[in-house]
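Written below as C-alpha cells is the structure these notes are about.
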Amino acid sequence: MINQSTKAYFPALTGIRAVAAYLVFIHHFNPFEGFANNYSIEIGKAIVDQLHIGVSIFFVLSGFLIAFRYVDRIEPTITWAKKYMINRFARIYPLFFILTLITFIVMPIRDVHPDYEWNATTTSIDKVISVFANFTLTRAFFKNLLFIGVPTAWSLTVEECFYLSAPFILIFVRKRPTRLVLVALLLLSSGFLLTFMSTLTDLYGSFMRPVTFVLGYTYFGRCVEFMMGIGLALWIRKRGNGPAKSGTTLIGVLFIVVCLVFMVMTNWGYQIADNLPLSFSTLMINNLILPLGVFVLFHGLLHEETWFRRLLSTPLFNILGKSSYAFYLIHLGLFSDLVTQLIGGNVLVLFLLSNIASILLYKLVEHPFHTAILRRFKSQHVLNPQQ
C-alpha cells in the first residue's frame with residue numbers, strides 16, 4: 001500500500017535504482033568485449049550495448065518522485081521556489097561537485113587522457129569552457145563537452161532541466177493529466193527548433209546538434225521519460241491504494257525486454273555517426289516506447305506483492321539503492337581507471353570496489369552534506385533523504 005503523504009518512502013523503488021545503475025555499469029563494461037567474434041558473441045554484445053536503458057529508469061523515477069511529492073504543494077512564491085531548488089541542489093550537487101573538482105585537479109597530471117579528459121589538442125580556452133560547463137551543469141547542451149569530467153554526469157544536465165521545469169509542468173497538468181502529451185510535444189518541438197537554429201550559427205561546441213545528440217542526451221529529447229513518471233504519480237494519487245492486477249510487474253519486465261530486443265534489431269549494423277552510438281530508430285524506441293514499460297513495472301512494484309518487490313525492499317538493496325547515485329557517478333572515469341591501473345582490469349573486482357566506495361561516499365559525503373544543507377536553510381519542503 002502507498003502512503004499518500006509527501007514523505008512517503010518506496011523501498012522497492014529505492015532498490016530499483018541499484019538495478020538501473022548496474023545495467024549502466026554492464027553497458028559500459030561489456031563482458032562480451034574481447035572475445036573472438038562469432039554470431040552468439042555479437043548478439044550478446046549487441047544486447048549489452050543497449051543496457052543504457054538504466055538511465056531511462058532513472059529518468060522515469062525522477063518524474064514520478066517529483067510529481068508524487070510536489071504536485072499538491074506548489075506555491076507560486078519566491079520563498080517556495082527557493083526551498084524547492086535548495087532541496088534539489090542539496091540532493092545532487094555536493095557529491096557531484098567534489099568528484100568533478102577532484103577529476104579536474106587530477107587531469108593535468110595524468111599520463112592517460114581518455115575521451116572524458118583533456119588531450120594534447122585542448123586549448124586553454126577549451127579547458128576553461130569545459131570546467132565552467134561542468135560546474136554549471138550545462139555541458140550536455142554541447143556534444144563535444146558531453147563526457148568531459150565525470151563522464152556519466154552528462155545526465156545531471158537533463159535532470160536539472162527537469163527540476164527547473166517541473167513546478168510549471170505540474171501546475172499545468174495536475175487537474176488534466178492528458179496535458180502531459182502536449183507538454184511532451186512542446187518540449188520535443190522546442191528541441192528540434194533549437195537544433196535547426198543551431199545549424200544557422202557556429203556556437204561553440206555544436207550547441208544542440210545534431211538531432212540524434214539532442215534526442216539521446218538532452219532534456220528535450222528525453223522528456224517523455226519524465227512525463228511518464230509524472231503520469232504514473234498523478235494516476236496513483238487519483239486511483240488510490242488499490243492493488244495491481246496479478247502479473248503487472250512481469251508484464252512491465254517483458255515489455256522492457258521486448259523494447260530491448262527491438263532496439264538491438266534497429267541498431268544492428270549501425271555505423272556510428274558523429275560519435276553517437278545509437279540509430280534514430282533505436283532512440284525512438286528508447287525515448288518514446290520503453291518508458292511505458294517502466295511505467296507498468298513501477299506500478300507493479302508499488303502495488304503488487306511479488307518476490308521481486310520483496311527482494312528490492314530488503315536492507316541490502318536499500319543501501320545499494322541509496323548509494324546508487326554515487327555508484328553511477330564513479331563507476332566510469334577516474335575511479336575505474338585508478339582501479340584498473342592499480343589492481344587490474346577484472347570487471348567483477350571493479351564492480352565490488354565501486355559498490356564499497358559508493359556506500360562510503362553515501363554515508364560520509366552525500367547524506368551528511370544533504371542533511372547539513374537542508375538544516376542550514378531550514379527547508380520546510382525536505383524530501384526523505386533516502387529518496
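The values are calculated or read from the model by the stated rules, or taken from the named source; none is laboratory data. Treat the numbers as computed from the prediction; the structure is a model and nothing was measured. Cβ: placed from backbone, ideal geometry, glycine included. Neighbour counts: every protein chain shown.
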Out of curiosity, is Gln387 surrounded by fewer than 15 Cβ atoms within 10 Å (Cβ to Cβ), modelled with pLDDT under 95 and of a type outside the set (A, V, I, L, M, F, W, C)? no
Report every pair of residues separated by at least 6 positions or lying on different chains whose Cβ atoms are under 8 Å apart, first residue within segment 169-197 and under 16 Å from Gly231 (Cβ atoms) and of a type in the set (Gly, Ala, Ser), second modelled with pLDDT of 95 or more and surrounded by 18 or more Cβ atoms within 10 Å (Cβ to Cβ). Ala184/Cys223; Ala184/Val224; Ala184/Met227
Within segment 283-297, how many residues turn out to be closer than 12 Å to Phe255 by Cα, out of contact with any Ser or Thr (no Cβ under 7 Å at 6 or more places or on another chain) and of a type in the set (A, V, I, L, M, F, W, C)? 3
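One line per residue, one yes/no per condition, for (1) crowded, with 17+ Cβ neighbours inside 10 Å; (2) closer than 25 Å to Gly216 by Cβ; (3) in contact with a helix residue (DSSP H, G or I) (Cβ under 7 Å, 6 or more places away or on another chain); (4) without any contact (Cβ under 8 Å) to a residue 40 or more places away in the chain:
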residue	(1), (2), (3), (4)
Gly229	yes, yes, yes, no
Val257	no, yes, no, yes
Met265	no, yes, no, yes
Pro277	no, yes, no, no
Leu292	yes, yes, yes, no
Working carefully through the options Phe64, Phe10, Phe59, find the one that is within 18 Å of Leu297 (Cα to Cα), of a type outside the set (S, T, N, Q), crowded, with 20+ Cβ neighbours inside 10 Å and modelled with pLDDT under 95. Phe10
When residues of segment 79-126 are filtered for being among the hydroxyl-bearing types (Ser, Thr, Tyr) and under 22 Å from the mean Cα position of the chain (by Cα), how many remain? 5
Could we say that Asn38 is at pLDDT below 90 and farther than 24 Å from Gly221 by Cβ here? yes
Under 9 Å by Cβ, and 6 or more places apart or on different chains, what pairs join a residue from segment 319-341 that is at positive phi with one that is part of a helix (DSSP H, G or I)? Gly333/Leu99; Gly333/Thr103; Gly333/Pro151; Gly333/Thr152; Gly333/Ala153
For segment 25-117, give me every one of the helices (runs of 4 or more DSSP H) that falls completely inside it and has 3 or more residues that are in contact with an Asp or Glu (Cβ under 9 Å, 6 or more places away or on another chain). 53-70, 78-106
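Every residue, every condition in (1) surrounded by 15 or more Cβ atoms within 10 Å (Cβ to Cβ); (2) outside any helix (DSSP H, G or I); (3) under 20 Å from the mean Cα position of the chain (by Cα), yes or no:
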residue: Thr249; (1), (2), (3): yes, no, no
residue: Ser281; (1), (2), (3): no, no, no
residue: Ile289; (1), (2), (3): yes, no, yes
residue: Leu316; (1), (2), (3): no, no, no
